[in-house]
Amino acid sequence: MTVVTRFAPSPTGYLHIGGARTALFSYLHAKRHGGRFLLRIEDTDRERSTEAAVQAIFDGLTWLGLTADGPPVFQTHRFDRYREVIKRMLAEGSAYRCYCSRQELEAMRAEQMARKQKPRYDGRWRPEPDKSLPAPPAGVPPVIRFKNPLSGKVVFEDLIKGRVEFDNAELDDLIIARADGTPTYNFCVVVDDMDMGITHVIRGDDHVNNTPRQINILKALGATPPAYAHVPMILGADGVKLSKRHGAVSVIEYRALGFLPEALLNYLVRLGWSYGDEEIFTRERMIELFDISQVHKSPARFDMDKAIWVNHQYLKSAEPATIAPEFEWHLRRIDLDPRNGSPLTAVIQAQRERCKTLVEMAEKSRFLYAESVVYDGKDVAKHLDAAGREVLADLGPRLSKLTRWEVAALHDLVHGYAAQKGLSLGKVAQPLRVAVAGAAVSPPIDQTLALLGRERTLARIERALSSLHQRA
RNA sequence: GCUCCCAUCGUCUAGAGGCCCAGGACGUCGCCCUCUCACGGCGAAAACCGGGGUUCGAAUCCCCGUGGGAGCGCCA
């Protein structure tokens with residue numbers, strides 16, 4: 001049987017990083033077994049679902065490259081089907097109408113809580129062979145409840161958690177359709193998973209308690225329950241559920257933070273899963289090695305430092321051309337024109353080892369794309385003193401006479417000058433660096449000059465000298 | 001309150017009874033390399049939640065405790 005998994009978010013906000021990991025696990029499990037990964041939008045709650053949220057989820061998944069093998073399924077497009085199934089269940093007796101008012105239910109819950117019991121529906125409208133039901137109150141639209149088995153156990157082998165058991169006595173008759181006729185979550189999930197031919201439900205830990213109910217409905221419908229895998233959630237650095245106050249929670253925020261999608265995915269896959277001592281996994285390798293049953297049972301904390309380290313690994317080793325589009329996105333984000341400077345791949349090549357994020361790379365490359373440099377006062381004071389100015393004055397003419405503006409030639413020129421003057425390289429490179437880049441940090445000086453180009457280099461040396469004269 | 005789940009360095013993890021006085025990675029701290037920042041190299045500190053069992057032998061199996069988490073809606 002072909003493996004079919006799905007990611008089923010409800011569009012009430014952005015794509016959460018925890019959701020992204022769940023999606024990744026579903027995706028990997030499907031691919032690992034040559035199966036299909038599907039997407040379903042659980043938008044039955046019209047109050048909270050928004051068009052923008054749907055788009056945000058699509059955008060997040062697209063950026064991560066977790067593409068579904070088929071068009072997304074929208075639950076709101078399937079109401080006819082749900083109605084049909086409910087009609088059938090009513091006819092077969094696996095569901096019934098309940099006329100309790102909300103107030104009545106609330107009172108029931110309050111009373112149970114007071115008696116220190118688990119709040120649950122007491123089955124007052126549940127039809128039984130020898131039971132006589134009250135006459136339905138007039139004018140009250142009923143909800144539909146599922147007739148859950150009263151005794152016995154629901155047992156399932158969770159691929160991550162192992163054997164999980166629930167007593168049916170712990171479960172109550174959940175509402176599958178509201179008074180207005182719209183179906184509810186647990187019911188829709190069951191019908192959809194069945195209709196979509198889902199073989200493996202991989203979802204967040206917070207759904208374990210829903211699983212026995214869903215299995216019971218599935219059985220009442222005569223369907224075979226899929227396999228389940230409940231993945232633990234991601235915690236913030238403080239061990240508490242990850243939320244906005246921990247910083248970035250939405251996938252798109254990680255893009256803004258300067259992450260590469262592959263790097264984020266890599267970090268995420270290692271959260272709760274590992275393969276020996278390996279840390280870096282290409283997508284192909286993840287697909288080859290990922291085993292859902294090896295995922296940890298316990299929740300993991302999100303460690304930004306490690307995530308950034310992984311990102312740096314990708315920045316350092318990925319093909320510059322694959323990084324270029326993201327780098328361009330970041331340059332534009334800080335109002336720099338990617339065409340107004342050296343080719344992106346050359347800059348990436350020069351900057352990658354000193355930048356852990358693309359934000360940093362864009363920022364550190366500002367002097368290569370902006371018309372004017374912003375000088376760091378401290379660095380200017382430190383390196384463009386009298387001696388530094390002398391170096392610049394000497395180097396200007398020599399540089400302007402250089403015939404080949406290439407790394408090797410620039411290297412020889414700078415080194416040759418230092419040797420000739422008996423200066424350490426630092427005494428030459430630093431003033432030059434500050435003059436052209438505005439600060440004491442940049443790629444090796446020969447590369448820096450090569451990337452900047454002759455014209456800008458000479459102009460900036462000029463400007464550094466003249467503005468210093470003004471100050472002096 | 002009730003139900004379910006979890007527990008190895010600060011963090012992510014290796015470990016499926018002897019290979020473990022517990023290995024790797026991030027982070028931290030030294031040292032080396034060096035034109036800056038980095039990269040890199042070398043090294044250090046750092047953990048089996050507690051208590052009982054089982055066993056010749058337990059981080060690994062069992063029980064209890066403690067601590068964490070999730071769920072208990074006409075939300076999803």
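Figures for the structure shown
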read-out	value
Given (1) hydroxyl-bearing (Ser, Thr, Tyr); (2) modelled with pLDDT under 95; (3) crowded, with 16+ Cβ neighbours inside 10 Å; (4) out of contact with any Leu (no Cβ under 7 Å at 6 or more places or on another chain), index of the condition residue A:199 fails	(2)
Subset of the stretch A:174-194 [more than 10 Å from RNA strand B (Cβ to nearest atom) and either aliphatic (A, V, I, L, M) or over 28 Å from residue A:17 (Cα atoms) (or both)]	A:190, A:191, A:194
Qualifying positions in the stretch A:298-309 - without any contact (Cβ under 8 Å) to a residue 60 or more places away in the chain and closer than 18 Å to residue A:249 by Cβ	A:305, A:306, A:307, A:308
Per-region count, the stretch A:72-91, residues exposed (fewer than 14 other Cβ atoms within 10 Å of the Cβ) and either under 16 Å from residue A:11 (Cα atoms) or within 16 Å of RNA strand B (Cβ to nearest atom) (or both)	1
Single condition residue A:275 does not satisfy, out of (1) of a type in the set (Phe, Trp, Tyr); (2) within 13 Å of RNA strand B (Cβ to nearest atom); (3) surrounded by 20 or more Cβ atoms within 10 Å (Cβ to Cβ)	(3)
Qualifying positions in the stretch A:144-190 - assigned to a strand (DSSP E or B) and at positive phi	A:162
Test: residue A:65 is farther than 21 Å from residue A:182 by Cα and over 19 Å from the mean Cα position of the chain (by Cα)	no
Residue satisfying all of: in the stretch A:422-462; touching a residue at least 24 places away in the same chain (Cβ under 8 Å) and among the charged types (D, E, K, R); farthest from RNA strand B (Cβ to nearest atom) among these	A:462
Subset of the stretch A:50-70 that is in contact with a helix residue (DSSP H, G or I) (Cβ under 8 Å, 6 or more places away or on another chain) and outside any helix (DSSP H, G or I) - its residue that is surrounded by the most Cβ atoms within 10 Å (Cβ to Cβ)	A:66
Tally, over the stretch A:168-196, of residues that are crowded, with 21+ Cβ neighbours inside 10 Å and under 18 Å from residue A:74 (Cβ atoms)	7
Flag if residue A:326 is within 15 Å of RNA strand B (Cβ to nearest atom), acidic (Asp, Glu) and out of contact with any Gly (no Cβ under 8 Å at 6 or more places or on another chain)	no
Residue selected from the stretch A:260-289 under the condition assigned to a loop (DSSP other than H, G, I, E, B) and more than 18 Å from the chain's Cα centre (by Cα), by the criterion nearest to residue A:228 (Cα to Cα)	A:274
Pairs where the first residue, in the stretch A:341-357, is within 18 Å of residue A:436 (Cβ to Cβ) and the second is of a type in the set (D, E, K, R) and surrounded by fewer than 21 Cβ atoms within 10 Å (Cβ to Cβ), C-beta under 8 Å, 6+ apart	A:351/A:364; A:354/A:364
First in the stretch A:92-107 and loosely packed, with under 12 Cβ neighbours inside 10 Å, second anywhere and of a type in the set (D, E, K, R), Cβ under 8 Å, 6 or more apart	A:93/A:147
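The values are calculated or read from the model by the stated rules, or taken from the named source; none is laboratory data. Note that the structure is predicted; figures quoted are calculated from it, not measured. Every residue, glycine among them, receives a Cβ derived from its backbone with ideal geometry; neighbour counts consider all protein chains shown.
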